[in-house]
Amino acid sequence: MLYAVSHTTNYSYTDSVSLCHNLVHLRPRAAPRQTCLQSYMLVEPEPRALEHDHDYFGNPIALFTLQEPHKRLSITVKHRIEVKPRAPLELSDSPSWEQVRDQLEVDRTSDALAAYQFAFDSHYVKRNGQLAAYAEPSFPPGRPLLVAVMDLTGRIHREFRYDSKATTLATPLGEVLEHRHGVCQDFAHLQIGCLRSLGLAARYISGYLLSKPPPGRERLVGVDASHAWVSVYCPHIGWIEFDPTNNLIPSDEHITIAWGRDYDDISPIKGVILGGGRHSMSVSVDVAPVT
């Protein structure tokens, strides 16, 4: 699948901002089934300094500084991205989840060491007994890892309700687990917390999901949104992605922007400003297949 992606973020301030420094994760990263053919970013007002680089996890980043007073800031990115379908995967061919857990603790190969850092606590995801207890019905003794993760994915999809007003970034995972409401970001953090609480390695993926209009209706431009899902490490197979919001294994309708330990590592826009007073933000996203 070939996609044209457009993502615009607008900030408006009640008072002038005299200085701002920003770090953004808005360009798609290289991934095994994904190629970014074109990428363009426009910042208005024009930054005094703009630098493209990569973060610790290998995700493309941009850093820019505005030193002129401004009351509005606009960041627009446009990409053309090719995503290939995932090859068929037999989940039952994976080793048992206990084997994977135990191997992570002793395997010192480069792939295993790179994966092991995703088995520990991060800013938004703290391991605990509650998360392990929620995961345990999906992880009976001897069950193949990927079968168990798919079962957990389905349970989160069935037992939690998507509700964009139920949570914020500051909502603890314990509250998400108790009230069983949230958004894709919460469900990804929840699944990652469950997996890490069992001693497994899981990472957070941000990107986009192709949305489809209801039958008989035209596709609306600009109303798409960012999406989040997870991947789990399985020795000899690699990282396998799961989408708990939609109860599926991502293929060619998921577009990856970045991955990290949780949202905090790869938030789309992070920065520091001087001044500004109160502010408002609007986001417009469009993900369109290219024929």
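The values are calculated or read from the model by the stated rules, or taken from the named source; none is laboratory data. This one's a predicted model, so the numbers in the text were calculated from it and none came from an experiment. For neighbour counting, all protein chains shown are included, and Cβ atoms are generated from backbone atoms with ideal geometry for every residue, glycine included. Just so you know, the surface numbers come from the protein's heavy atoms only, side chains and all, with ligands and any DNA or RNA stripped out. Shrake-Rupley method; radii C 1.70, N 1.55, O 1.52, S 1.80 Å.
Using a 1.4 Å probe, how large is the accessible area of TRP259, given in Å² and rounded to the nearest 10?
For TRP259, the solvent-accessible surface is approximately 30 Å².
Under the Karplus relation 6.51 cos²θ - 1.76 cosθ + 1.60, θ = phi - 60°, what is the ordered set of whole-Hz ³J(HN,Hα) values for segment 10-17, x standing for Gly and Pro?
So the Karplus estimates, Gly and Pro as x, are 10, 10, 10, 10, 6, 10, 5, 8 Hz.
Which peptide among 71-82, 95-106 comes first, and what is the full order, when sorted by highest mean count of other Cβ atoms within 10 Å? Mind showing how you got there, number by number?
Numbers: 71-82: 18.0, 95-106: 16.5.
Most protected by this proxy first, the peptides run 71-82, 95-106.
Using only Cα atoms and rounding to the nearest 10 degrees, what angle (0 to 90) does helix 184-197 make with the longest principal axis of the chain?
Once rounded, one gets 40 degrees.
For segment 46-147, with every protein chain kept in place, what is the accessible area per residue (1.4 Å probe, Å²)? Intermediate results must be reported in sequence, preceding the final value.
Values: 5710 Å² over 102 residues.
Using a 1.4 Å probe on heavy atoms only, each residue of segment 46-147 averages 56 Å².
With a 1.4 Å probe and every protein chain left in place, work out the accessible area per residue of segment 176-291 in Å², rounded to a whole number. Provide the component values of the computation, followed by the final result.
Values: 4800 Å² over 116 residues.
Heavy-atom accessible area per residue stands at 41 Å².
Against the empirical 2.2 N^0.38 Å scaling, what ratio does the C-alpha Rg of segment 81-228 come to?
Numbers: Rg = 17.1 Å, N = 148, 2.2 N^0.38 = 14.7 Å.
Taking N as the residue count of segment 81-228, the ratio is 1.16.
Shape call for segment 91-167 from the C-alpha gyration tensor, a ≥ b ≥ c root eigenvalues: rounded (a/c under 1.5), prolate (a/b greater than b/c) or oblate?
Numbers: a/c = 2.19, a/b = 1.37, b/c = 1.60.
It comes out oblate by the Cα gyration axes.
Just tell me which lysines come within less than 21 Å, Cα to Cα, of LYS270; anything on the same chain fewer than 8 places away is out.
LYS71, LYS78
Calculate the all-directions average of the projected area of segment 172-291's alpha-carbon convex hull, and give it in nm². Please report the intermediate quantities before stating the final value.
On the way: hull surface 44.3 nm².
Average of the hull's projected areas for segment 172-291 equals 11.1 nm².
Sequence neighbours fewer than 8 away in the same chain don't count; with that in mind, list the aspartates and glutamates whose C-alpha is under 14 Å from LYS126.
GLU175, ASP186, ASP262, ASP264
Leaving out ligands, DNA and RNA, what percent of the accessible area of the chain is carbon and sulfur, probe 1.4 Å? Don't skip to the answer; put the middle values down first.
Working: 7380 of 14130 Å².
Of all accessible area on the chain, carbon and sulfur atoms account for 52 percent.
Just the number, please: percent antiparallel of the DSSP beta bridges in segment 168-291, rounded to the nearest 5.
Values: 20 of 21 bridges.
Given both bridge residues lie in segment 168-291, the antiparallel proportion sits at roughly 95 percent.
Can you show me the helix-derived [θ] at 222 nm for the chain, built from DSSP H runs with n ≥ 4 at -39,500 (n - 2.57) apiece and divided by the number of residues, rounded to the nearest 500. Present the calculation step by step, with values, prior to reporting the outcome.
Details: 6 runs with 60 residues, N = 291.
Calculated at 222 nm, the ellipticity per residue is -6000 deg cm²/dmol.
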